[in-house]
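Below you'll find the structure, written out as C-alpha cells, and then a few comments.
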Amino acid sequence: MGDDAGRRVRRVSKASADQWADFADLVFAISREIKFPAYVNPEAVSLTPSEGTVMRYLHRHPGTTPSRVAHASGLQRTNLSTVLRSLEGKGLVERRSSAADGREVEIYPTAQGTSNYALVRKLWSECVYAATGDTADLDSTVALLRKVEAGLVQLRQGGEQAP
C-alpha cells in the first residue's frame, strides 16, 4: 500500500488490528487451498490470478469496455491487453465492436468461458462444503466478505470514477 492509501486507512486498536490481520491471512490461505481442486480437474481451464479477476468481472459485466475492466480490476491497460490476449487464446473471451460506436470494443465471455466459470464455481463450492459441511454462518460471512471487497476496491480506486 502506498503512502496515499496508508493515509486513507483508519487506525485500529492493536487487538482489532491483530484480528483483521488474522482475517486477511486466512483469506489468502483459503484462496490458495480452493484453487487446487479446481485446476486438477482436466475440464477446468487454469487461470492466472489476473485472468481470474478479469473473468469474474466479465461475468458480472458482459459487454464492458477494456477501460472499465482495467479500472475495476486495478490492472494497467498494457497488462490488461496481455491478459485479454491470453484469455482469447484460451477461448474464454471475445472482443466485439460496439453496436453504439463501432470504434469502441466490448468484451464478452464466450460459451467456453461461461461454462469454465460455472465448472470452477461448482468445484469451489464442493471443495468448501466438503471442508466445512456447515452453512450456519454462511450468509453473514458472505456479506462480510462482500463488504471487505467493496471497501478494498474503494480504497484502491481512491474515489476515481470509472471511464
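The values are calculated or read from the model by the stated rules, or taken from the named source; none is laboratory data. Here the structure is a predicted model, which is why all the values come from computation and not from measurement. All Cβ positions, even for glycine, are placed from backbone atoms using ideal geometry, and neighbour counts span all protein chains on display. Quick note on the areas: whole protein, heavy atoms, side chains included, nothing else; ligands and nucleic acids left out. Shrake-Rupley method; radii C 1.70, N 1.55, O 1.52, S 1.80 Å.
Among residues that are touching a His at 6+ places or on another chain (Cβ under 6 Å) and surrounded by 14 or more Cβ atoms within 10 Å (Cβ to Cβ), residue 108 is not included.
Being in contact (Cβ under 8 Å) with a residue 12 or more places away in the chain, open to solvent by less than 20 Å² (accessible area, probe 1.4 Å) and touching a helix residue (DSSP H, G or I) at 6+ places or on another chain (Cβ under 8 Å) holds for only one residue in 75, 80, and it is 80.
Yes or no: segment 98-108 includes at least one residue that is part of a helix (DSSP H, G or I) and closer than 30 Å to residue 155 by Cα. Checking segment 98-108: not a single residue is part of a helix (DSSP H, G or I) and closer than 30 Å to residue 155 by Cα. Residue 124 meets the conditions (1) of a type outside the set (D, E, K, R); (2) open to solvent by less than 80 Å² (accessible area, probe 1.4 Å); (3) under 25 Å from residue 20 (Cα atoms); (4) without any contact (Cβ under 8 Å) to a residue 24 or more places away in the chain in every case but one. The failed one is (4). Candidates are the residues of segment 24-67 that are of a type in the set (Asp, Glu) and assigned to a helix (DSSP H, G or I); the one that is farthest from residue 102 (Cα to Cα) is 25.
Here residue 93 fulfils each of the conditions (1) farther than 18 Å from residue 59 by Cα; (2) modelled with pLDDT of 95 or more; (3) not charged (D, E, K, R) apart from (1).
Note on segment 130-146: residues that are of a type in the set (Val, Ile, Thr) and either more than 16 Å from residue 23 (Cα to Cα) or surrounded by fewer than 10 Cβ atoms within 10 Å (Cβ to Cβ) (or both) total 2. Of all residues in segment 100-132, those satisfying the criterion of being modelled with pLDDT of 95 or more and among the hydroxyl-bearing types (Ser, Thr, Tyr) are 108, 110, 114, 115.
Residue 53 meets each of the listed conditions (1) surrounded by fewer than 14 Cβ atoms within 10 Å (Cβ to Cβ); (2) under 14 Å from the mean Cα position of the chain (by Cα) apart from (1).
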